[in-house]
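The values are calculated or read from the model by the stated rules, or taken from the named source; none is laboratory data. Being a predicted model, the structure only gives us computed values, none of them experimental. Ideal geometry is used to build each Cβ from the backbone, glycine not excepted, and the neighbour counts take in all protein chains shown.
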Amino acid sequence: MIRTELLAQRKILPKSPTSIQGLDEITGGGLPKGRPTLICGGAGCGKTLFAMEFIVNGATQYNEPGVFISFEETEKELSANVASLGFDLDDLVRRKKIWLEHIHIERSEIEHGGDYDLEGLFVRIHLAIETIGAKRVVLDTIESLFSELPNPLILRAELRRLFRWLKKKGVTTIITAERGDGALTRQGLEEYVSDCVILLDHRVNDQSSIRRMRIVKYRGSTHGTNEYPFLIDEDGFSVLPVTSLGLNYFSSHERITTGIPRLDTMLSGEGYFRGSTVLVSGTAGTGKTSIASQFVKTACSQGERVLFFTFEESPNQLVRNMVSIGINLEPYIKNGLLQFHATRPTLYGLETHLATSIKMINTFEPKIVIFDPINAFMTKDNQSEVKTMLLRLVDYLKMKRITAFFTSLTNAGESFETTDTYISSLIDTWLLLRDIEIGGERNRGLYVLKSRGMAHSNQIREFKLTSHGIELLDVYVGAHGVLTGSARLSQETKDDAEQLLRQQEIGRKQLEIQRKHEAMEAQIAVLRSEFAAEESEAVNAIGIENAREERFKRDKETMSRSRKSDVNVNTAAIQKYNKKRRKIS
Amino acid sequence: MKSRVETVKSPRQKGKMTKSKDTIWDLRLYIAGQSVKGVNALNHLKVICEDQLKGKYRIKVIDLKKEPRAAHIDQILAIPTLVRKSPLPEKCIIGDLSDTERVIAGLNLNDMSM
């Protein structure tokens, strides 16, 4: 962390790392070195475990031997209790890395016979520290002394002296204490241990338990002030500093296919953005999980690691169901690319769910995370909490550039969009599935409600689950509105018939024109032949007339020769005749 | 500083044996160094024992500064602590034993005066 480095440059308070996952982050390096720290909390909130991890981690990882003084459990009980977490206390004790000491003051009768001090305890702690060269000390529930020893006034003074003494010795000390009414501890120990106070909390909301921790104070150091969820599981104690980390994460331009080619097309041809948050919401049975599974299958087939959180179905059932629509996830589970994590939402509280999820994500390191469905967490009135949880989850996933795919079940009768508005702002790509009821049947429709940063389609698609996967079809959009399913089919048939009729009509018209054309051609031919006949007749007549004129001319010439007349007398008359004849031809 | 105070053996009587009459009182006083409280406690104890248990007690003083392990073995926290090892049951009195009444009550010495 950059912050830690900066602080380190400023010569901060020396710290003693706890190696408890997450705690060193929020404390900026650990507990104050050489000073006492108070861990308080109610019964069963993990105080002893916290202290024990501090000691064991110190001994095994930082070569800082530790003394564990227990006022409640015997050495044997302690070793047995933490053995389940994989700590071999007996071995560490043998190797003088850890000193376990049980202080029991279970005397049948302790009489108070005057002034006393706790020098005996001092001697014992001193001996323990000296024997193994301890750097860390735990006093587990030193408050129990108050019920065993008389005169609380003396006891208080002695405890104060003890803490001072431990500080002088330079050992990092953890003092655990029970939470009191209205105060951090029953006996007000927080007044004496003022360097660092950590509060552990274990509460139950809606029958599910939530563990939280908070650093109440940390003198001389900055620290995270929020309540952080923590887990106690087979790996011990882990704190998850998951808060709103801010909005400065890197956004990828890389795309990742949805697994459904036509859906890719709807999302400007390439699918989701890598590292974005996708929500698929819809009423029951609209195919949310199927879309998720298709996405998973395609991603896995491209070698991506996928973590699938399911809150409604067992992995087995889900895999079986998906096979029926041609999505076989089994091989990817086998080759380790796909991991399922199935829990009931009621198993534990939101924080714990968040913490567990993040822990699993850290371990598995997936590229894609599926949550099916997210609203399983919702009860009547925890919407804002769910939103906070999702916000933290989304921020975390975005930081890690993991593509998150959520499904959300919309209650029938509620408006599709409003139900999910509480998380809308977190979502980058929101696909809405809705059922469309027309003509006595129910069909699925899909559309992209929003998709940040891409030109997505505004069309509703009919969405079909077939035995070979998911198919998107165009819905019928025509004069009669949007139709799907059989209505769409029947409308399409009707349209086809109409088109056929229209085509026939066109054919008929074309034929008619053809015929008309032919008739016209025939008429033209008749006219032509008539004309030809008349023409030849006229030519004949002209020939006859010409011959007749020749003859007339010859006759006239003969006659004039016989009468010996002047040749030129009748020339004008002949010319006039000739002109007339030319006109006729 | 170990001091063994006189030990008196008394002959065993037949019949019922009352602890107050025959048993040797084994008392241990845990102190830490020569603190005022420790010294006071020993003085007070001696006075009480002389008064109540003359000849029938022994006091073992254990200095935890010298024998730190004893604190662990005998589960000692507070200083000074007086432990009655016998007669049984074990009794424990914390403090400098300045409150004579309470010490007598705590050690069940009341029976003796009867």
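May I ask you to say which residue of A:ASN443, A:ASN375, A:ASN458 is modelled with pLDDT under 85, assigned by TED's automatic domain parsing to the domain that holds A:LEU307, crowded, with 18+ Cβ neighbours inside 10 Å and not in a helix (DSSP H, G or I)?
A:ASN443
Per-residue answers, yes or no, for (1) hydroxyl-bearing (Ser, Thr, Tyr); (2) surrounded by 23 or more Cβ atoms within 10 Å (Cβ to Cβ); (3) more than 19 Å from A:GLU101 (Cα to Cα); (4) touching a Cys at 6+ places or on another chain (Cβ under 9 Å):
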position: A:THR18; (1), (2), (3), (4): yes, yes, yes, no
position: A:LYS33; (1), (2), (3), (4): no, no, yes, no
position: A:LEU38; (1), (2), (3), (4): no, yes, yes, yes
position: A:GLY44; (1), (2), (3), (4): no, no, yes, no
position: A:TYR62; (1), (2), (3), (4): yes, no, yes, no
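Rundown of residues vs (1) assigned by TED's automatic domain parsing to the domain that holds A:ASP428; (2) modelled with pLDDT under 85; (3) out of contact with any Gly (no Cβ under 6 Å at 6 or more places or on another chain), yes/no style:
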| site | (1), (2), (3) |
| --- | --- |
| A:ASP264 | yes, no, no |
| A:GLY269 | yes, yes, yes |
| A:VAL278 | yes, no, yes |
| A:LYS288 | yes, no, no |
| A:THR298 | yes, no, no |
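Can A:LYS11 be described as surrounded by fewer than 17 Cβ atoms within 10 Å (Cβ to Cβ) and either assigned by TED's automatic domain parsing to the domain that holds A:ARG186 or at pLDDT 85 or above (or both)?
yes
What are the residues in segment A:270-293 that are of a type in the set (Gly, Ala, Ser) and part of a helix (DSSP H, G or I), if any?
Within segment A:270-293, A:SER290, A:ALA292, A:SER293 meet the criteria.
Take the conditions modelled with pLDDT of 90 or more, under 19 Å from the mean Cα position of the chain (by Cα) and under 25 Å from A:LYS387 (Cβ atoms) and apply them to A:PHE273. Does it pass?
no
Suppose we keep only residues that are at positive phi and facing another protein chain (nearest Cβ under 10 Å) within segment B:48-107. Which one would you say is surrounded by the fewest Cβ atoms within 10 Å (Cβ to Cβ)?
B:GLN75
Among the helices (runs of 4 or more DSSP H) confined wholly to segment A:118-171, which include 1 or more residues that are in contact (Cβ under 8 Å) with a residue 60 or more places away in the chain and closer than 17 Å to B:PRO80 by Cα?
Because the criterion is at least 1 residues that are in contact (Cβ under 8 Å) with a residue 60 or more places away in the chain and closer than 17 Å to B:PRO80 by Cα, the helices (runs of 4 or more DSSP H) in segment A:118-171 that meet it are A:144-148.
Looking only at segment A:310-336, filter to residues that are buried (at least 16 other Cβ atoms within 10 Å of the Cβ) and under 18 Å from the mean Cα position of the chain (by Cα); which one of those is farthest from A:ILE210 (Cα to Cα)?
Per the criteria, the residue is A:THR310.
Tell me which residues, restricted to segment A:133-175, are at pLDDT below 90 and polar (S, T, N, Q).
Result: A:THR141, A:SER144, A:SER147, A:ASN151.
For A:LEU432, are the conditions met, namely being modelled with pLDDT of 85 or more, under 27 Å from A:ARG274 (Cα atoms) and in contact with a Ser or Thr (Cβ under 7 Å, 6 or more places away or on another chain)?
Spelling it out, A:LEU432 is indeed modelled with pLDDT of 85 or more, under 27 Å from A:ARG274 (Cα atoms) and in contact with a Ser or Thr (Cβ under 7 Å, 6 or more places away or on another chain).
Of the numbered conditions (1) outside any strand (DSSP E or B); (2) within 14 Å of another protein chain (Cβ to nearest Cβ), A:LYS96 fails exactly one; give the number of that condition.
Answer for A:LYS96: the failing condition is (2).
Taking A:GLY114 as meeting all but one of (1) within 11 Å of chain B (Cβ to nearest Cβ); (2) part of a helix (DSSP H, G or I), write down the number of the exception.
Looking at each condition in turn, A:GLY114 falls short on (2).
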